[in-house]
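The values are calculated or read from the model by the stated rules, or taken from the named source; none is laboratory data. Fair warning: this is a prediction, and the values are worked out from it, not measured in the lab. Ideal geometry is used to build each Cβ from the backbone, glycine not excepted, and the neighbour counts take in all protein chains shown.
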Amino acid sequence: MPSSIMPIRICDLRLTKGERAVLGGVDLTIDKSGITVIMGPNGAGKTLLLRCLHGLIRPDQGQITLGHLRVADSRDQQAMVFQQPVLLRRTALQNLAFAAPVIAKSRPQRLIEALESVHLADRAHQPARMLSGGEQQRLALARALLGKPALLLLDEATASLDPASVLVIESLVKAQSAQGTKVILVSHDQGQARRLADDVVFMSDGQVAEQSPANQFFASPRTPVAKAYLAGEILL
Amino acid sequence: MPSSIMPIRICDLRLTKGERAVLGGVDLTIDKSGITVIMGPNGAGKTLLLRCLHGLIRPDQGQITLGHLRVADSRDQQAMVFQQPVLLRRTALQNLAFAAPVIAKSRPQRLIEALESVHLADRAHQPARMLSGGEQQRLALARALLGKPALLLLDEATASLDPASVLVIESLVKAQSAQGTKVILVSHDQGQARRLADDVVFMSDGQVAEQSPANQFFASPRTPVAKAYLAGEILL
Amino acid sequence: QSTTSTQNSGLYDYLLPLLKKDTGVQVNIVAVGTGQAIKNAMRCDGDVLLVHARSDEEKFVADGYGEYRRDLMYNDFVIIGPKADPANVAGAGDVIEALRRIRQAGARFASRGDDSGTHKKERSLWQAAAIDPDAGSGQWYLETGSGMGATLNTGVSLGAYVLSDRATWISFANKQDSTILFEGKPALFNQYGIIPVNADKCPNVNREAANTFTQWLLSETGQAAIAAYQVEGKQLFFRTPARLHSTIELK
Amino acid sequence: MNALAEAFRLIITLDPDLFEILWLSIRVSLIALVIAAVIGLPLGTWLAITRFPGRKFCILLLNALMGMPPVVVGLIVYLLLSRSGPLGWLGLLYTPSAMIIAQVVLITPIIAALSNQVIENLHQEYSDTFYSMGITGRRAVVAYLVDARYALTTCILAGFGRAIAEVGAVIIVGGNIDHVTRVMTTAIALETSKGNLTLALALGTVLLTLSLLVNALVIGVREYAAERQYA
Amino acid sequence: MNALAEAFRLIITLDPDLFEILWLSIRVSLIALVIAAVIGLPLGTWLAITRFPGRKFCILLLNALMGMPPVVVGLIVYLLLSRSGPLGWLGLLYTPSAMIIAQVVLITPIIAALSNQVIENLHQEYSDTFYSMGITGRRAVVAYLVDARYALTTCILAGFGRAIAEVGAVIIVGGNIDHVTRVMTTAIALETSKGNLTLALALGTVLLTLSLLVNALVIGVREYAAERQYA
Ligand SMILES: Nc1ncnc2c1ncn2[C@@H]1O[C@H](COP(=O)(O)OP(=O)(O)OP(=O)(O)O)[C@@H](O)[C@H]1O
Ligand SMILES: Nc1ncnc2c1ncn2[C@@H]1O[C@H](COP(=O)(O)OP(=O)(O)OP(=O)(O)O)[C@@H](O)[C@H]1O
Ligand SMILES: [Mg+2]
Ligand SMILES: [Mg+2]
């Protein structure tokens, strides 16, 4: 029931590391299905926000609800692909088999299909850690999709992929979204954001600066900070 | 003497992993200074080629010369930034101090300047491993530039940077190149390649498919495989 | 269960095959210090006790742990020291004088310091000589807190004097330049007793085999065998009372 | 040098006594090692990856137990197995089983503490991913053990080293009975107390050679497997 | 239970004999540990990061030496230090120094072998970067030791555990001489041979408590530092 985790409400999320408020009161409601792209400069807190949503970090303060669920209760409906994928010290296929729910395990054909969907079928028996950077990222995505999650979180999952792989993953993500999975994706790639986003959340300095439908955001961002970002102008 | 490592000649470089010829006879001469961008699909062997050049991998067969030098003799004139930067478990500043040549150490101001050049001065005393992905990559670049290398190798060094950081790094790389450093850069980002490249090397399936001046490559790639790549069309 | 000194002397390696041939009884030896042997036996870990500490043995039987006690054999103690003999122990008239000479010469003396039969004997001799060695503990009086062999290793290496039972010394291989300097006085006799563990207290005891073993050792055959045991041409044990701490477990 | 020659002589003459003792040493230590590994590896792993109050203290305790004196372990096991002890009815005292028990008690903390550290390092890398995939409990433990298998061999070898070299505990619970519970280390101790230092050293050399062989075997297998498979 | 009560009594009555022995144990083991760490950590690290023919064999040897019986180490040191031995002129036999030497010989391989494994794991991560930066030799060794400092404490604690629990070697070279070389473990062995099992266990409890305290201290410092600084 993918709809049961909607809407996602984040309320006054705060997180301090050392003396820095790395998340300084994030307020955000995501109530539309489809693909939400989070953009923003390095260090804006995009990864931290995603990790809070996924339950990897417990914020110092604030509330997150997914539908009627709290983060802890929604975890088996979520899947996440990290910026730097961590693969087990096993073959590509064994990596999938390990992650597969019990049902899928009884049907090894499912795993092969999953490998094929990310064009890695011929690497099935290669040690996963020996794959090229792009191949590892594709494998991580295949692994995340095995559980048929209701919410898919992607943290710069295509950052080191070639154009073709990017398109492959984008179409996989779109297809998944079309099946009702809510996708939240962090990306610096404006082309990708334009191609995928239904709406855009722009973060800056530990806060949400702007949230707009995609076409509106790219046509004319409401905040100066987003405008500068898109122009590559933010002073670091 | 940056010129002493030119021209870079790679002759019939072969490398087999398991049963796959991951480098299948690479022939390449880079004789112009400036910035050379290597492009090609995931798994084409770009990273492996760079690693061979840097002396990290000993090829099964083939020859590499840099000017009159062999790889082993040119190492102190090279620096490399990896796809996934590895930082020491210390603060950002200590990471630079560790890498700094003895001369620079006596002038701590040099290190602060290096941090400023990648806009990380205010993160100087933060543990390097706690920096955001983009911040880590910038720190790795600053570290690589400390030794004033004659040859700078960058492996998708801007893959997870925000547009502003990308521009910062690009301008740093350009400035370095203008000072006579030869730069070889692997990237999937066509925009970046167009902005930076003096010439482009296109790799596919463990071989060099095409080597052209940048404007010519982007205007009309000679090989069908490069054409398809630029269009995002290669079948994986 | 058996003690270190009898085991180190090699007596069991010689006796047990003879016993097996005569009676068919298979014996397992566990060699530990006297005090430990007696306490192990009180926990019923053993079938026969072979020790040398007469008063403890008698208490053991009186408390009902042992069926009876018999003198088994004896040997004697000797004083070991460096050949140079700085305290001239060899010239002493009796053991008391020997100890006094050691003390007066300021020579070092290695004691077992482990409450073993040998140690108790040594303490009683110091007392008889009216010397309190504890005052010099760590300076000239070195309590090794170890078995006979280890104490000999220490004493020999330091050129110190040691009171040892003759059997252990004769079969001891690391003599270096030490030798027997004082021996043969009745005050130095060392009696071994044998006690079958009381099967009423310890139902696990293999009573029949324990008796067979004890009786064989006490019989003419056993006694003759003990007397016939020699190392380097020297007789180690003599038929009649002697002491040694061991329990012996029979299988 | 004499000791080396003597060791060599003992080995090439295939001295049957020596081989009986050697074989018992190997058997006892290997069985103890297997048991200790079966307990210690999952325990160390589990403590590395779960979080509960008192966890830090458990790890601390494991580390401290690495420093448990063998004599004390021997005494405890002795008191348990003694005929008047709670497990006396098993009749295990002065048998090889008793020695195995003592060695297990001795080396389980070592294996657990060392594997705990190894897995903790791996956990830094894997934890987010495992958390995300909902891998917990037994599945996580097994996954960590499998993925750290090469590094864990060193922990196991450390445990083996301690077991095979151990004398204080086995002499108390085994009794060093000839042909029954005499192992290499107790034989060495016996020869030392007899003053036969050369023979003792020769036996030590043999034991060390054995240890070298076992280690070579394990490390050889590990290298072979690592080369053919996954980095 | 009796043993616990007795241990408690010994400690609260501040038994002077006990504290003399305890203090000697700590002194000997800590000095041995420091020396062994100064040798073993760089050695293990160096073997993890350099490549030369015979390196595999050296690592194998270290692993095997972890299984060196203390009695044998004791004998070798004894023969070296005995008056007729090559180092006899130093007059160290039956002194605390002799015990330190024996413990160093015993635990250096342990610390080296375990740290070798820890550093090898880190090396997988760092090697390319260090190679690229031209960091080799002493600088690399130091860098690895610094960056793996938290994981290395476990190796060091394993070495400490072995040292403080060790009896076979120190009793041979130290002689367990009262007021001179009597340490906790040899005192325990003595009480055991006297049959004073309760007292022996009490001493064991005291030793274990000591071990626990040292471990708590080290782990405490580590956690504190790790929290305030770098992950
Ligand atoms: N554990 C931590 N301790 C201290 N600071 C941290 C920690 N984790 C993150 N930070 C800081 O929090 C800020 C936000 O980090 P985050 O990883 O969310 O950035 P981001 O928006 O994902 O950036 P990027 O685009 O570079 O991935 C960064 O400045 C980072 O240095
Ligand atoms: N150690 C290895 N063992 C086996 N195969 C390897 C090893 N290293 C690389 N490969 C294989 O060699 C091929 C080329 O790898 P390389 O990392 O050079 O690709 P790349 O061109 O850099 O790709 P990407 O754009 O994804 O980074 C890949 O298919 C990879 O699976
Ligand atoms: Mg991020
Ligand atoms: Mg690459």
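Residues of the stretch B:17-34 being closer than 14 Å to B:Gln61 by Cα, within 16 Å of ligand 4 (Cβ to nearest atom) and charged (D, E, K, R), which ones? Residue satisfying the conditions is B:Lys17 alone. Filter the helices (runs of 4 or more DSSP H) completely within the stretch D:114-231 down to those with at least 2 residues that are farther than 30 Å from D:Ser82 by Cα. Result: D:137-147, D:149-165, D:197-228. Just to be sure, is B:Ala175 buried (at least 22 other Cβ atoms within 10 Å of the Cβ) and either within 16 Å of ligand 2 (Cβ to nearest atom) or away from chain A (no Cβ under 13 Å) (or both)? The answer is no for B:Ala175. One residue stands out in the stretch C:114-135 among those that are free of Cβ contacts under 8 Å to residues at least 24 places away in the same chain and touching a Lys or Arg at 6+ places or on another chain (Cβ under 9 Å): the one that is farthest from C:Thr168 (Cα to Cα), namely C:Ala130. Of everything listed in (1) within 14 Å of ligand 1 (Cβ to nearest atom); (2) at pLDDT 85 or above; (3) more than 15 Å from A:Leu153 (Cβ to Cβ); (4) among the β-branched types (Val, Ile, Thr), the single unmet condition for A:Thr29 is (1). Residues that are under 18 Å from the mean Cα position of the chain (by Cα), part of a helix (DSSP H, G or I) and charged (D, E, K, R) within the stretch B:187-236 comprise B:Arg194, B:Arg195, listed in sequence order. Counting only residues that are of a type in the set (A, V, I, L, M, F, W, C), more than 7 Å from every other protein chain (Cβ to nearest Cβ) and either more than 15 Å from C:Pro86 (Cα to Cα) or surrounded by fewer than 24 Cβ atoms within 10 Å (Cβ to Cβ) (or both), the stretch C:157-188 holds 8 of them.
To keep it simple, each residue is scored yes or no on (1) within 18 Å of A:Met203 (Cα to Cα); (2) within 16 Å of ligand 1 (Cβ to nearest atom); (3) among the acidic types (Asp, Glu).
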residue	(1), (2), (3)
A:Thr16	yes, yes, no
A:Ile38	yes, yes, no
A:Gly67	no, no, no
A:Asp73	no, no, yes
A:His119	no, no, no
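Of a type outside the set (Val, Ile, Thr), within 14 Å of another protein chain (Cβ to nearest Cβ) and either within 22 Å of D:Ile177 (Cα to Cα) or not in a helix (DSSP H, G or I) (or both): does that describe D:Leu47? It is false that D:Leu47 is of a type outside the set (Val, Ile, Thr), within 14 Å of another protein chain (Cβ to nearest Cβ) and either within 22 Å of D:Ile177 (Cα to Cα) or not in a helix (DSSP H, G or I) (or both). For the stretch E:32-48, the tally of residues that are β-branched (Val, Ile, Thr) and surrounded by 24 or more Cβ atoms within 10 Å (Cβ to Cβ) stands at 1. In the stretch A:131-145 there is no residue that is buried (at least 19 other Cβ atoms within 10 Å of the Cβ), within 25 Å of A:Asn215 (Cα to Cα) and away from ligand 1 (no atom under 16 Å from the Cβ).
Of these, C:Pro86, C:Pro82, which one is within 14 Å of chain E (Cβ to nearest Cβ) and modelled with pLDDT of 85 or more?
Details: C:Pro86 fails: within 14 Å of chain E (Cβ to nearest Cβ).
The conditions single out C:Pro82.
Pairs are defined by a Cβ separation below 7 Å, a sequence spacing of at least 6 or placement on different chains, a first member in the stretch A:46-62 that is at positive phi and within 13 Å of chain D (Cβ to nearest Cβ), and a second member that is outside any loop (DSSP other than H, G, I, E, B) and away from ligand 2 (no atom under 16 Å from the Cβ); the pairs so defined are A:Gly55/A:Val71; A:Gly55/A:Ala72; A:Gly55/A:Arg75.
Run down B:Leu96, B:Leu88, B:Leu50 and say which single residue is among the aliphatic types (A, V, I, L, M), out of contact with any Ser or Thr (no Cβ under 8 Å at 6 or more places or on another chain), within 16 Å of ligand 4 (Cβ to nearest atom) and under 27 Å from A:His188 (Cβ atoms). Quick ask: steps written out before the conclusion?
Numbers: B:Leu96 fails: within 16 Å of ligand 4 (Cβ to nearest atom); B:Leu88 fails: within 16 Å of ligand 4 (Cβ to nearest atom).
Selected residue: B:Leu50, the only one of B:Leu96, B:Leu88, B:Leu50 that is among the aliphatic types (A, V, I, L, M), out of contact with any Ser or Thr (no Cβ under 8 Å at 6 or more places or on another chain), within 16 Å of ligand 4 (Cβ to nearest atom) and under 27 Å from A:His188 (Cβ atoms).
A residue that is under 27 Å from B:Lys46 (Cα atoms) and either surrounded by fewer than 24 Cβ atoms within 10 Å (Cβ to Cβ) or at pLDDT below 85 (or both) cannot be found anywhere in the stretch B:103-113. Just checking, does the stretch D:98-114 include any residue being free of Cβ contacts under 8 Å to residues at least 24 places away in the same chain and either within 18 Å of the chain's Cα centre (by Cα) or surrounded by 18 or more Cβ atoms within 10 Å (Cβ to Cβ) (or both)? The answer is no; no qualifying residue exists.
Among the candidates A:Ala142, A:Ala197, A:Ala159, A:Ala164, the residue that is in contact (Cβ under 8 Å) with a residue 40 or more places away in the chain, of a type in the set (A, V, I, L, M) and within 8 Å of another protein chain (Cβ to nearest Cβ) is uniquely A:Ala159.
Would you be able to tell me the number of residues in the stretch B:122-136 that are under 28 Å from B:Ala44 (Cβ atoms) and either of a type in the set (A, V, I, L, M, F, W, C) or at pLDDT 85 or above (or both)?
So in the stretch B:122-136, the residues under 28 Å from B:Ala44 (Cβ atoms) come out as B:133-134, B:136.
Of the ones still in play, those that are also either of a type in the set (A, V, I, L, M, F, W, C) or at pLDDT 85 or above (or both) are B:136.
Within the stretch B:122-136, residues that are under 28 Å from B:Ala44 (Cβ atoms) and either of a type in the set (A, V, I, L, M, F, W, C) or at pLDDT 85 or above (or both) number 1.
Scan the stretch E:166-177 and tell me whether some residue there is more than 14 Å from chain C (Cβ to nearest Cβ) and either under 17 Å from D:Ile110 (Cα atoms) or under 21 Å from the mean Cα position of the chain (by Cα) (or both). The answer is yes; a qualifying residue exists. With respect to C:Tyr68, determine if the residue is farther than 26 Å from E:Lys194 by Cβ, outside any strand (DSSP E or B), of a type in the set (Ser, Thr, Tyr) and out of contact with any His (no Cβ under 6 Å at 6 or more places or on another chain). Against the criterion (farther than 26 Å from E:Lys194 by Cβ, outside any strand (DSSP E or B), of a type in the set (Ser, Thr, Tyr) and out of contact with any His (no Cβ under 6 Å at 6 or more places or on another chain)), C:Tyr68 does not qualify.
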